[in-house]
Ligand SMILES: [Zn+2]
Ligand SMILES: [Zn+2]
């Protein structure tokens with residue numbers, strides 16, 4: 001609908017990018033944000049609330065008739081990110097119960113996957129691992145010889161410095177090879193109203209990282225998850241397939 005190009009002055013953040021949200025989200029950000037998945041050249045997609053979304057669905061899109069209800073507002077991109085980030089806290093009712101169930105299911109499934117991987121490949125016993133984002137692989141080796149290679153997909157990362165979780169589909173520093181499949185998790189979450197799967201960045205820790213990884217591994221059909229340390233926390237990757245080499 002709108003192009004994210006113009007600048008806006010925010011009293012709190014100074015010169016920022018202009019983003020567009022409906023008036024209802026602007027005044028009450030603690031609710032579900034309906035918007036597209038962010039993309040490299042459209043990082044702050046236009047967002048609207050549930051009632052605006054219902055209006056849009058009635059007409060099958062935005063047009064001159066239903067755009068009025070949006071009461072579109074321009075907000076600074078820092079304010080947009082901060083408000084959207086907090087919106088995960090608004091998950092409640094049946095959607096929240098379903099989410100808690102999905103997390104528990106993913107957690108249990110991941111434990112079984114990790115046990116099977118360890119039994120079959122003994123991943124914890126190798127001298128070293130190396131991941132190659134341009135090849136999309138994680139290689140385990142002993143004595144300089146590669147023994148096991150996994151096809152990987154990045155799930156997301158935790159920053160202990162900022163106390164946040166960031167989905168890999170919203171991290172535009174990643175190479176395309178390792179984030180081609182993760183948008184399926186956003187789509188799965190969007191269809192179910194699972195805000196923790198669709199909000200790019202929110203307050204989260206290493207435990208959240210494992211819980212989200214369990215759900216993501218189920219959605220992606222991954223055979224396990226591997227977590228590696230980063231400069232500020234951890235990166236979680238799905239092991240899509242694993243094979244012995246050498
Ligand atoms: Zn609205
Ligand atoms: Zn601002």
(request) Hand me the list of helices (runs of 4 or more DSSP H) wholly inside the stretch 34-135 holding 2 or more residues that are modelled with pLDDT under 95 and on the phi > 0 side of the Ramachandran plot. (result) none
(request) Please indicate, with yes or no, whether at least one residue in the stretch 50-57 is within 16 Å of ligand 2 (Cβ to nearest atom) and not assigned by TED's automatic domain parsing to the domain that holds residue 195. (result) no
(request) Working only within the stretch 38-57, note down all residues that are surrounded by fewer than 16 Cβ atoms within 10 Å (Cβ to Cβ) and touching a residue at least 60 places away in the same chain (Cβ under 8 Å). (result) 40
(request) From (1) within 22 Å of residue 91 (Cβ to Cβ); (2) away from ligand 2 (no atom under 16 Å from the Cβ); (3) in a loop (DSSP other than H, G, I, E, B), pick out the condition that doesn't hold for residue 24. (result) (3)
(message) Scan the stretch 189-197 and tell me whether some residue there is modelled with pLDDT of 95 or more, buried (at least 22 other Cβ atoms within 10 Å of the Cβ), touching a strand residue (DSSP E or B) at 6+ places or on another chain (Cβ under 6 Å) and not assigned by TED's automatic domain parsing to the domain that holds residue 77.
(response) no
(request) Provide a single number: the residues in the stretch 10-52 that are within 12 Å of ligand 1 (Cβ to nearest atom) and closer than 13 Å to residue 72 by Cα. (result) 13
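The values are calculated or read from the model by the stated rules, or taken from the named source; none is laboratory data. Note that the structure is a prediction, hence the values are computed from the model and not measured. Please note: Cβ atoms are built from the backbone with ideal geometry, for glycine as well, and neighbour counts cover all protein chains shown.
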